């Protein structure tokens, strides 16, 4: 069972422009501002900007659902008809992420914090 939506990641080509836009939209500066990721915390939701995300295969925003067993959830989604786009991988800080496509071609992300 997913514990909720944890993050929404947006691929961006011009990080400075995107950072200005999302700062204005959300009314805050990012809590994380690195060359590889810009993050905003809105309540319990992480809004992330992924520079060059399009080069990583992102075609639009990707919702990431927080789960407690990423491997089990991945198996369940595949059994329900999803196609694995990215096997679980460690993205740092004890976080694992995986990506699937549903039958309509929508990206669905899973994330598990292991710490």
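The values are calculated or read from the model by the stated rules, or taken from the named source; none is laboratory data. Remember, predicted model here, so these are calculated numbers, not experimental data. With ideal geometry, Cβ positions are generated from the backbone for all residues, glycine too; neighbour counts draw on all protein chains shown.
In this structure, residue 60 qualifies as under 13 Å from the mean Cα position of the chain (by Cα), surrounded by fewer than 13 Cβ atoms within 10 Å (Cβ to Cβ) and either part of a loop (DSSP other than H, G, I, E, B) or not assigned by TED's automatic domain parsing to the domain that holds residue 3 (or both). In this structure, is residue 96 in the same structural domain as residue 111 (by TED's automatic domain parsing) and farther than 19 Å from residue 114 by Cβ? For residue 96, the condition - in the same structural domain as residue 111 (by TED's automatic domain parsing) and farther than 19 Å from residue 114 by Cβ - is not met. Checking each residue in segment 1-34 for being touching a helix residue (DSSP H, G or I) at 6+ places or on another chain (Cβ under 8 Å) and either free of Cβ contacts under 8 Å to residues at least 60 places away in the same chain or in a strand (DSSP E or B) (or both) picks out 9, 10, 11, 12, 13, 29, 30, 33. Consider residue 88 carefully, then state whether it is part of a loop (DSSP other than H, G, I, E, B) and touching a strand residue (DSSP E or B) at 6+ places or on another chain (Cβ under 6 Å). When the stated conditions are applied, residue 88 does not pass them. Restricting attention to segment 25-41, the residues that are crowded, with 17+ Cβ neighbours inside 10 Å and at pLDDT below 95 add up to 1. Residues in segment 67-89 that are surrounded by fewer than 17 Cβ atoms within 10 Å (Cβ to Cβ) and touching a residue at least 40 places away in the same chain (Cβ under 8 Å): 2 in all. Residue 22 satisfies every condition listed in (1) crowded, with 17+ Cβ neighbours inside 10 Å; (2) in the same structural domain as residue 7 (by TED's automatic domain parsing); (3) modelled with pLDDT under 95 except (3).
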